[in-house]
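Peer 1: Have a look at the structure that comes next, please.
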Amino acid sequence: MKLTRPVPLHKSWIEKEEEAEVLETLRSGWLTRGPRTQAFERSFADYVGCRHAIGVNSGTAALHLALASLGIGEGDEVVTTPITFAATGNVIVLQRAHPVFADVEADTLNIDPAEVAARITAKTRAILPVHLFGHPCEMDAIMALARARQLAVIEDAAHAIEARYRGRPIGAIGDLTAFSFYATKNITTGEGGMVTTNDDGLAERLRLLRLHGVVGNAGATSAKAPWDVVLAGYNYTMSDIQAALGLHQLEKIDGYWDRRRRLAAAYDDALKHVEEVRRVGVREGVRHAYHLYPILLRTEDLTVDRDAVVEALREAGVGAGVHFRALHLMSFYRERFGFAPGDFPNAEYAADRLISLPLYPKMEEEDVEGVVEALMEVVRRLRKRKGR
Ligand SMILES: Cc1ncc(COP(=O)(O)O)c(C=O)c1O
């Protein structure tokens, strides 16, 4: 079916419940962290089945606090994947620790536990897997490695709110898990994030670090309500305006997920016979959050590179994206840490070929058909002629 309307890479879905809750929050006079943030934290902890959920103002803040709460710092190494967003690597650097990349599985593009094992040294403090696209990493192998070497596991679940690994929800497996509610994520608070943990001590440190390292009532100035600064913390709190959105988005998450699942299945079906496209692998025994719909373009069969195909798709009305270019090859990482092309072959192969097709609950199945039709038209036009 031809594309009947442009399909952008993302469209938010905010309804009257969210609008009314935000308006009520504004009228309540309590705008910063308050009853709505606390209620959202409780609902989120219930959703992922863990003891503590700590609301923050971005997924990046969630990752940063997770590292800080473990006291990761100068001289420490943290092992992560090169196929991820800047924030995953940057927070390691912000803590003055050393980012150590491990190559990805050729099939799923998630971090490869065997590669992680090969990169663990006496300085390693933590493993930071990313559940890329919403597809869970091989957590049994990662947890076994970490437990054998007394390492912490911090999961980047920015894409993976609804994901499960062998029946267990992501957010209740590693020591700490970071979620994002950025505008394009599976549920949104505009900007926002959450850290989850089952560890009471880590939860206490996270709460301290989130709000200036202050104990007692930081807003009180009277001598009757003394407060103290026990460490140098951040101002990473989530506001009640953000939580007003999150509370209602979370109520609708299962319906959204069901739509994502059906749209992803429609893509799977339609792309099966497109020779120039390889779908990214999904392992057995997991529940995918379907945050993104990634494909690997067989650029060997085309006359142009991936970026030209993304551009051609945009001209055809399809908002395609790239998640992600290899982080170790970004200028900062090359210059500061000396990474170079060839370091992580699977990651680099994928980074040159990945395209994210639009996937969000507001889409209809006809949109999927239109996107695939447009993609087929573009690759047909740019295909190498064989036999010459
Ligand atoms: C894998 C990954 N980790 C972390 C983040 C950071 O989240 P935020 O944008 O909420 O700071 C993002 C993206 O937005 C992401 O895609």
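The values are calculated or read from the model by the stated rules, or taken from the named source; none is laboratory data. This is a predicted model, so every value here is computed, not measured. No Cβ is skipped: glycine too gets one built from the backbone with ideal geometry, and neighbour counts run over all protein chains shown.
Peer 1: Does VAL286 qualify as being of a type in the set (Val, Ile, Thr) and surrounded by fewer than 21 Cβ atoms within 10 Å (Cβ to Cβ)?
Peer 2: Judged against the criteria, VAL286 is not a match.
Peer 1: In the range 328-372, what count of residues is obtained for those that are within 16 Å of GLU105 (Cα to Cα) and either assigned to a helix (DSSP H, G or I) or touching a His at 6+ places or on another chain (Cβ under 9 Å) (or both)?
Peer 2: Qualifying residue count, the range 328-372: 10.
Peer 1: Could you tell me which residue of the range 13-65 is farthest from LEU250 (Cα to Cα), considering only residues that are within 16 Å of the ligand (Cβ to nearest atom) and touching a Ser or Thr at 6+ places or on another chain (Cβ under 6 Å)?
Peer 2: The residue in question is GLY59.
Peer 1: THR196 passes all but one of (1) buried (at least 19 other Cβ atoms within 10 Å of the Cβ); (2) farther than 18 Å from THR84 by Cα; (3) within 11 Å of the ligand (Cβ to nearest atom); which number fails?
Peer 2: The number of the failed condition is (3).
Peer 1: On the given criteria, is VAL100 under 24 Å from GLY246 (Cβ atoms) and either away from the ligand (no atom under 16 Å from the Cβ) or in contact with a Ser or Thr (Cβ under 7 Å, 6 or more places away or on another chain) (or both)?
Peer 2: Working: under 24 Å from GLY246 (Cβ atoms): no; either away from the ligand (no atom under 16 Å from the Cβ) or in contact with a Ser or Thr (Cβ under 7 Å, 6 or more places away or on another chain) (or both): yes.
So VAL100 fails the test.
Peer 1: Only one residue in THR189, THR184 is in contact with a Leu (Cβ under 6 Å, 6 or more places away or on another chain) and either farther than 22 Å from ASP76 by Cα or within 16 Å of the ligand (Cβ to nearest atom) (or both), so which one is that?
Peer 2: THR189
Peer 1: How many residues does the range 175-184 contain that are part of a loop (DSSP other than H, G, I, E, B) and either touching a strand residue (DSSP E or B) at 6+ places or on another chain (Cβ under 8 Å) or of a type in the set (Phe, Trp, Tyr) (or both)?
Peer 2: Residues in the range 175-184 being part of a loop (DSSP other than H, G, I, E, B) and either touching a strand residue (DSSP E or B) at 6+ places or on another chain (Cβ under 8 Å) or of a type in the set (Phe, Trp, Tyr) (or both): 3 in total.
Peer 1: Being in a helix (DSSP H, G or I), within 16 Å of the ligand (Cβ to nearest atom) and modelled with pLDDT of 95 or more: is that true of PHE133 here?
Peer 2: So PHE133 passes the test.
Peer 1: Of all helices (runs of 4 or more DSSP H) completely enclosed by the range 21-123, which ones contain at least 3 residues that are aliphatic (A, V, I, L, M) and surrounded by 19 or more Cβ atoms within 10 Å (Cβ to Cβ)?
Peer 2: Correct list: 59-69, 86-94.
Peer 1: Sticking with this structure for a sec: If a residue has to be part of a helix (DSSP H, G or I), surrounded by fewer than 18 Cβ atoms within 10 Å (Cβ to Cβ) and charged (D, E, K, R) to count, how many in the range 241-264 make the cut?
Peer 2: The qualifying residues number 5.
Peer 1: Moving on. I'm told ILE187 meets every condition in (1) under 14 Å from HIS52 (Cα atoms); (2) assigned to a loop (DSSP other than H, G, I, E, B) except one. Can you identify the failing condition by its number?
Peer 2: Of everything listed in (1) under 14 Å from HIS52 (Cα atoms); (2) assigned to a loop (DSSP other than H, G, I, E, B), ILE187 misses just condition (1).
Peer 1: Still on this structure, I have one more. Looking for whichever is away from the ligand (no atom under 16 Å from the Cβ), out of contact with any Lys or Arg (no Cβ under 6 Å at 6 or more places or on another chain), under 27 Å from PRO345 (Cα atoms) and not in a strand (DSSP E or B) here; the options are ALA146, ALA172, ALA160. Which one fits?
Peer 2: Every option except ALA146 fails the conditions.
Peer 1: Here's something else I'd like to know. Name the residues in the range 265-291 that are touching a residue at least 12 places away in the same chain (Cβ under 8 Å), out of contact with any Asp or Glu (no Cβ under 8 Å at 6 or more places or on another chain) and part of a helix (DSSP H, G or I), would you?
Peer 2: Within the range 265-291, TYR267, LEU271 meet the criteria.
Peer 1: The conditions are (1) under 21 Å from ALA152 (Cα atoms); (2) out of contact with any Pro (no Cβ under 6 Å at 6 or more places or on another chain), and VAL22 fails exactly one of them. Which is it?
Peer 2: (1)
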